[in-house]
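Note sheet for the following structure.
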Amino acid sequence: MISDNAQAIRENIHKVIVGKSQVIDLALTAILCEGHLLVEDVPGIGKTTLARSLAASLGASFSRIQCTPDLLPSDVVGVNWFNQKEQAFEYRPGPVMHQVVLADEINRATPRTQSALLEAMQERQVTVDGVSRPVPRPFLVMATQNPVELEGTFPLPEAQLDRFMLRLGLGYPDQDEEAEILLRFNTGRPELSLSAVVSAEQVEAMRQERQAIQVEPTVRDYIIGIARATREHAEIDLGASPRATLALYQGAQAWAALQGRDFVLPDDAKWMAPYVLTHRLMIAPQAQLRGRTPEELLADIISEVPVPVED
């Protein structure tokens with residue numbers, strides 16, 4: 001089911017998005033694992049278009065939060081307002097009460113507002129005036145930030161970064177892709193005409209099927225070994241958390257399912273590791289002075305952790 005439905009979603013999104021097949025599959029990975037996406041890239045790459053196309057393909061409700069320094073937590077989670085006609089307080093939902101939520105330029109929001117997303121992302125609920133309400137399912141937060149422009153921004157704390165299952169970038173299109181973009185978007189916005197190709201029930205069934213993907217004990221130990229090695233590396237002050245280990249495990253399952261397999265290979269974990277782990281690593285100051293990056297350190301770790309082989 002996962003492979004067939006995923007192909008239908010890919011084809012639908014490709015009616016709007018030119019190329020970016022791996023990015024689409026990573027977004028599907030997050031959906032299958034009920035994770036969240038952090039997209040770091042320059043403006044105008046197509047981040048909002050991807051989020052809208054994904055929501056339309058899933059038949060999911062979509063909302064967009066434009067993060068600014070004056071954005072309040074109540075602007076995200078909603079407020080209780082007094083209905084004079086009914087003489088009672090009523091809850092007015094915020095934009096987080098949708099299935100696909102785009103938090104645009106999340107690092108421009110203050111830490112207080114950023115933290116308003118934490119409960120929704122982890123607990124799948126929001127609490128307003130002591131009353132907790134579940135968010136709709138499936139639920140995906142896709143947050144963006146510009147890695148170039150840092151003035152007037154508030155860096156995401158480690159607790160917030162750890163809530164994002166995957167971090168990725170879209171990158172610039174090549175010449176042929178950019179020519180296709182000009183032709184496709186010259187006459188309108190094709191993402192507005194997309195229709196759903198799967199239902200919420202099918203998404204839930206896909207998620208349950210992902211949970212049944214087989215992971216051999218040796219492959220499971222390999223995933224754990226990668227995560228533990230990040231905590232023991234001399235140039236890393238803060239390694240991967242157990243939440244990160246679980247994200248890598250589930251991400252490998254989802255990636256295997258998207259390739260049409262019902263079992264996980266070590267290569268699945270290798271492929272997912274940079275997207276799952278690098279944004280969670282805190283590099284030691286001495287390593288930063290030497291120009292070391294999380295990507296380089298993780299590549300070193302992966303090359304050193306023994307890969308399980310078939311007997």
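Only the coordinates and a few stated rules stand behind these numbers; no lab work does. On a predicted model such as this, the values are computed, not experimentally measured, just so you know. Here the Cβ is made from the backbone with ideal geometry for all residues, glycine too, and neighbour counts use every protein chain on show.
So ARG210 clears everything in (1) in contact (Cβ under 8 Å) with a residue 60 or more places away in the chain; (2) farther than 30 Å from PHE139 by Cβ; (3) basic (Lys, Arg) except one condition, right? Which one?
(2)
Do we have GLN22 as closer than 30 Å to ASN186 by Cα and surrounded by fewer than 18 Cβ atoms within 10 Å (Cβ to Cβ) here?
So GLN22 fits the description; yes.
Any idea which residue in region 262-286 is nearest to GLN250 (Cα to Cα), counting only those that are without any contact (Cβ under 8 Å) to a residue 60 or more places away in the chain and in contact with a Ser or Thr (Cβ under 7 Å, 6 or more places away or on another chain)?
LEU277
Looking at ILE31, ILE2, ILE9, ILE45, which is the one that is in contact (Cβ under 8 Å) with a residue 60 or more places away in the chain and closer than 21 Å to ARG163 by Cβ?
Criteria check complete, one pass: ILE31.
List every residue pair whose Cβ atoms lie under 9 Å apart, where the two residues are 6 or more positions apart in sequence or sit on different chains, the first residue falls within region 176-187 and is surrounded by 10 or more Cβ atoms within 10 Å (Cβ to Cβ), and the second residue, located anywhere, is part of a helix (DSSP H, G or I).
If the second residue must be part of a helix (DSSP H, G or I), the pairs left are ARG184/PRO190; PHE185/THR49.
Determine whether ALA55 is under 23 Å from ARG133 (Cβ atoms) and aliphatic (A, V, I, L, M).
yes
Read through the list (1) surrounded by 19 or more Cβ atoms within 10 Å (Cβ to Cβ); (2) free of Cβ contacts under 8 Å to residues at least 12 places away in the same chain, then give the number of the only condition that ASN83 fails.
(1) is the only condition that ASN83 fails.
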